[in-house]
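Peer 1: Sharing a structure here in structure tokens format.
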Amino acid sequence: MNTSRPARYTGPAIALHWLLGLAIVGSFIVGLYMTDLPMSPQRLKLYNWHKWAGICILTLSAIRLLWRLTHRPPEDVPMPAWQRRASHAVHIALYVLFFAVPLAGWAYSSAAGFPIVVFGVIPLPDFVPANKELAEAIKPLHKILAFTMAALVLAHVGAALKHHFIDRDGLLGRMRPGRD
């Protein structure tokens, strides 16, 4: 593990942060939209897209976690101890949810008897056996986890904007793409 503390995040960390953020927001919006559609080819297409996005999010999350474990982040900006603890707690919860939400979705899809074939080409093994009762139990879990992640993402964005516009402490610039 690199022991030096950089002034800002590394390029790969920044790219993974924004790519994962966009994928999560996009997948959440599609998930909200598709569930209200009547059964149609459009709904089936969006469900497949949502599943593919979930697998991509899972993959990006694994890469991001590996990168984070091998590259130290910048020091925390000066802030009250309660904010530092809250920030660290939200980040840990987000990392957990980066994995829990897509894994719950994969489990739901498997239990419902709908296999995931990534991009229509790569069949994934069933995460759990097909079982209607299990599917009905997992479906609300996937939804609760997704809404929890959405709330934490909003808190994360709100805190970053507070640091940028009110505290003016440079926190947001550490994750901004491009050079200083």
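The values are calculated or read from the model by the stated rules, or taken from the named source; none is laboratory data. Source: prediction; values computed, not measured. Virtual Cβ from ideal backbone geometry, glycine too; neighbours counted across all protein chains shown. Only protein heavy atoms, including side chains, enter the accessible area calculation; ligands, DNA and RNA are left aside. Shrake-Rupley method; radii C 1.70, N 1.55, O 1.52, S 1.80 Å.
Peer 1: Cβ-Cβ below 7 Å, separation at least six or inter-chain, first residue in segment 29-56 and aromatic (Phe, Trp, Tyr), second not in a helix (DSSP H, G or I): which pairs?
Peer 2: Every condition considered, the pairs that remain are TRP52/VAL118; TRP52/PHE119.
Peer 1: Could you tell me which of the residues TRP49, TRP67, TRP106 is open to solvent by 30 Å² or more (accessible area, probe 1.4 Å) and in contact with a Phe, Trp or Tyr (Cβ under 6 Å, 6 or more places away or on another chain)?
Peer 2: Only one candidate passes the filter, namely TRP106.
Peer 1: Can you tell me which residue among LEU16, LEU58, LEU37, LEU97 is open to solvent by less than 40 Å² (accessible area, probe 1.4 Å) and outside any helix (DSSP H, G or I)?
Peer 2: That would be LEU37, the only listed residue that is open to solvent by less than 40 Å² (accessible area, probe 1.4 Å) and outside any helix (DSSP H, G or I).
Peer 1: Restricting to segment 104-126, and then to whatever is of a type outside the set (A, V, I, L, M) and in a loop (DSSP other than H, G, I, E, B), can you tell me which residue is farthest from THR148 (Cα to Cα)?
Peer 2: If we filter segment 104-126 for residues that are of a type outside the set (A, V, I, L, M), which is where we start, we get 105-106, 108-110, 113-115, 119-120, 123, 125-126.
Subset that is in a loop (DSSP other than H, G, I, E, B): 113-115, 119-120, 125-126.
On the way: GLY113: 26, PHE114: 25, PRO115: 25, PHE119: 27, GLY120: 29, PRO125: 27, ASP126: 25 Å.
My answer is GLY120.
Peer 1: Filter segment 23-34 for residues that are open to solvent by 70 Å² or more (accessible area, probe 1.4 Å) and among the hydroxyl-bearing types (Ser, Thr, Tyr) and give the result.
Peer 2: TYR33
Peer 1: Sticking with this one: In segment 96-139, what count of residues is obtained for those that are polar (S, T, N, Q) and within 18 Å of VAL30 (Cα to Cα)?
Peer 2: 1
Peer 1: Sort out which residues of segment 155-180 are charged (D, E, K, R) and either in a loop (DSSP other than H, G, I, E, B) or free of Cβ contacts under 8 Å to residues at least 60 places away in the same chain (or both), and write them in order of number.
Peer 2: Of segment 155-180, the ones charged (D, E, K, R) are 162, 167-169, 174, 176, 179-180.
If the condition is that a residue be charged (D, E, K, R) and either in a loop (DSSP other than H, G, I, E, B) or free of Cβ contacts under 8 Å to residues at least 60 places away in the same chain (or both), then LYS162, ARG168, ASP169, ARG176, ARG179, ASP180 are the ones that fit.
Peer 1: Now for a different question. Of the residues in segment 118-145, how many are without any contact (Cβ under 8 Å) to a residue 24 or more places away in the chain, under 24 Å from VAL96 (Cα atoms) and of a type in the set (Val, Ile, Thr)?
Peer 2: Counting residues in segment 118-145 that are without any contact (Cβ under 8 Å) to a residue 24 or more places away in the chain, under 24 Å from VAL96 (Cα atoms) and of a type in the set (Val, Ile, Thr) gives 2.
Peer 1: Another question, then. Among the numbered conditions (1) among the aromatic types (Phe, Trp, Tyr); (2) in a helix (DSSP H, G or I); (3) closer than 16 Å to HIS71 by Cβ, tell me where TRP49 comes up short.
Peer 2: For TRP49, the exception is condition (3).
Peer 1: Select from segment 127-154 the residues that are outside any loop (DSSP other than H, G, I, E, B) and exposed (fewer than 15 other Cβ atoms within 10 Å of the Cβ) and list them in ascending order.
Peer 2: LYS132, GLU133, GLU136, ALA137, PRO140, ILE144, PHE147, ALA151, LEU154, listed by residue number.
Peer 1: Is one or more of the residues making up segment 51-71 in contact with a Lys or Arg (Cβ under 6 Å, 6 or more places away or on another chain) and not charged (D, E, K, R)?
Peer 2: no
Peer 1: Related question: Within segment 82-91, is even one residue in a helix (DSSP H, G or I), touching a residue at least 60 places away in the same chain (Cβ under 8 Å), surrounded by 14 or more Cβ atoms within 10 Å (Cβ to Cβ) and of a type in the set (Val, Ile, Thr)?
Peer 2: Yes: segment 82-91 contains one or more residues that are in a helix (DSSP H, G or I), touching a residue at least 60 places away in the same chain (Cβ under 8 Å), surrounded by 14 or more Cβ atoms within 10 Å (Cβ to Cβ) and of a type in the set (Val, Ile, Thr).
Peer 1: Consider segment 57-73. How many of its residues are under 19 Å from PHE99 (Cβ atoms) and either in contact (Cβ under 8 Å) with a residue 40 or more places away in the chain or touching a strand residue (DSSP E or B) at 6+ places or on another chain (Cβ under 9 Å) (or both)? So that I can check it myself, show each step before the final result.
Peer 2: Taking segment 57-73 as the starting set, the residues that turn out to be under 19 Å from PHE99 (Cβ atoms) are 57-70.
From what is left, the residues that are either in contact (Cβ under 8 Å) with a residue 40 or more places away in the chain or touching a strand residue (DSSP E or B) at 6+ places or on another chain (Cβ under 9 Å) (or both) are 57-58, 60-61, 63-64, 67-70.
So the answer is 10.
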